[in-house]
Amino acid sequence: MENANALLWEVSWWEFLLVTVILAGGAAYLTGRAVARAWQSNLQLVYYIILLAAATRFIHFALFGGTLLSPHYYLIDLVVLLVIAFLGSRITRARQMATQYSFLYASAGLLGWRARS
């Protein structure tokens, strides 16, 4: 029953949750936030997350006996981390636009901003 959903996780669901979502996801969120605060491009964020996904695969391999060079599980980790990183980047960018350019923009929820009328 451990590998019932082997499409998403390799060894067990709690390993995927702990390593990929909580540990590496937290690092991805903070990376997205740092890239947004430095006004860097999304392409640079993708580069950082590609490296973070490789480190995540190594943690799966070293601690839990997963495969190191698995393209399938690397892509799963990469997609999850990219979603979290872009979420962190977008939240930070929306807050920046509403705060630093408050004479032009107002906050429009967690992920957006709108022009002031």
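For helix 42-64, what angle does its Cα long axis make with the longest principal axis of the chain, in degrees from 0 to 90 and rounded to 10?
The helix 42-64 is inclined about 30 degrees to the chain.
With each label point set 7 Å from Cα along the Cα-Cβ vector, what nm distance links A115 and V79?
Spacing of the two 7 Å Cα→Cβ label points: 3.7 nm.
Against the longest principal axis of the chain, how steep is helix 25-37, in degrees 0 to 90 to the nearest 10, with axes from Cα atoms?
30 degrees
Only four residue types carry charge here, +1 at the Cβ of Lys and Arg and -1 at the Cβ of Asp and Glu. Report the dipole size of the chain about the Cα centre in Debye, rounded to the nearest 20. Display every interim value, and only then the final one.
Working: 8 positive and 4 negative charges, 171 e Å.
Using only the charged Cβ atoms, the result is roughly 820 debye.
P(r) for the chain, please, calculated from all Cα pair distances in 10 Å bins and given in %.
Once binned at 10 Å, the Cα pair distances of the chain give 15, 38, 25, 15, 7, 1.
For every helix of n ≥ 4 consecutive DSSP H residues, a contribution of -39,500 (n - 2.57) applies; sum these over the chain, divide by its total residues, and give [θ] at 222 nm rounded to the nearest 500 deg cm²/dmol.
Working: 3 runs with 66 residues, N = 117.
Only helices count here, giving -19500 deg cm²/dmol.
Would you please put 12-20, 78-86, 106-114 in order of how densely packed they are, using the mean number of other Cβ atoms within 10 angstrom per residue and starting with the highest?
Details: 12-20: 16.9, 78-86: 19.9, 106-114: 13.1.
The peptides rank, most packed first, as 78-86, 12-20, 106-114.
On C-alpha positions alone, give me the angle between the axis of helix 71-100 and the longest principal axis of the chain, in degrees, nearest 10.
Approximately 20 degrees, to the nearest ten.
Where a number appears in this text, it was derived from the coordinates with a stated rule and is not lab data. Note that this is a predicted model, so its numbers are computed, not measured. Backbone-built Cβ (ideal geometry, glycine too); neighbour counts: all protein chains shown.
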